[in-house]
Ligand code: PMV
């Protein structure tokens, strides 16, 4: 598929007004996307676990308006009108309007809420942008009911990607690949696809306890970080490594080899942060407690042999990953030894989930 396939030719229905609603999850990358080309095309492929509990719920009210000059919308977050959320959504609409031209035919009210605290340092852009993209697609499906389910989901991911790259991995469930990879069938730079190869039971319902080390706003945004990969001394080697790590994960997913899984996933997290530390200008998003937790995890793993590991996204919080079968012992360790390093002792229990879901619909 190419970008042109997402430009609609005509709509068969006329819809005056209505409401659509979706919930979409967050995701945590195992092989990281860091660095992009123009139009949100990733510099390397990535793969993520879709999460279950960290979700955004978005309701989109729409009614036909006169004139097509500009976008007309209001944004409400957890019941409150949010003027400061509008610029990001306007930019999103501007990026996707060529694929969803009806956006200028309607006035919208966007109502959103997260199942996790907004000030948790957990990025809501993946779940938020994918929920909104799905609502936009539900309206498009009303205008064009012939659309297939497959096209609907691909285009939702395609649109979400234009809002926030990693958001395109929040439509489907379990394991999602985004970015062209020669060994992964149907993989694309344009949207995320379900990882269709064999996955061992060890990875079913994998656990992710998110330790909230720092709930503040990040000092350096992801978009600044991505841009610093242009001209980065290690960029090409890093992009090749990500391709290589994704290829190495294929037999690991199939065979359920947790030792090899841990080696790749932890190395990916540390490499992501070493890219930040070796950018010009350099920066660091880890905090002292991030390192304390990592060292404790390594110590516990050595001592017990239990397959607990960590990953990081672009922030100080630590995602502690472990298989369901070892949940009791590992969670005990987390509570006794790691929670002390969290801001106000806060953490979120999550696990792998099955992707976005449509909620009730009135018309
Ligand atoms: O989707 P963005 O632009 O916020 O970038 C997210 C990048 C990482 O979370 C650090 C890695 C990833 O693949 O999700």
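The values are calculated or read from the model by the stated rules, or taken from the named source; none is laboratory data. If you're wondering where the values come from, they're calculated on a predicted model, not measured in any experiment. Ideal geometry is used to build each Cβ from the backbone, glycine not excepted, and the neighbour counts take in all protein chains shown.
Key figures for this structure:
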{"read-out": "Some residue of the stretch 227-240 being on the phi > 0 side of the Ramachandran plot and not assigned by TED's automatic domain parsing to the domain that holds residue 154", "value": "yes"}
{"read-out": "Hits in the stretch 16-39 - residues which are farther than 30 Å from residue 252 by Cβ and either within 16 Å of the ligand (Cβ to nearest atom) or modelled with pLDDT under 95 (or both)", "value": "38, 39"}
{"read-out": "Filter pass, residue 215 being more than 16 Å from the ligand (Cβ to nearest atom), touching a residue at least 40 places away in the same chain (Cβ under 8 Å) and buried (at least 16 other Cβ atoms within 10 Å of the Cβ)", "value": "yes"}
{"read-out": "Test: residue in the stretch 45-61 that is touching a residue at least 60 places away in the same chain (Cβ under 8 Å), within 11 Å of the ligand (Cβ to nearest atom), in contact with a helix residue (DSSP H, G or I) (Cβ under 8 Å, 6 or more places away or on another chain) and on the phi > 0 side of the Ramachandran plot", "value": "no"}
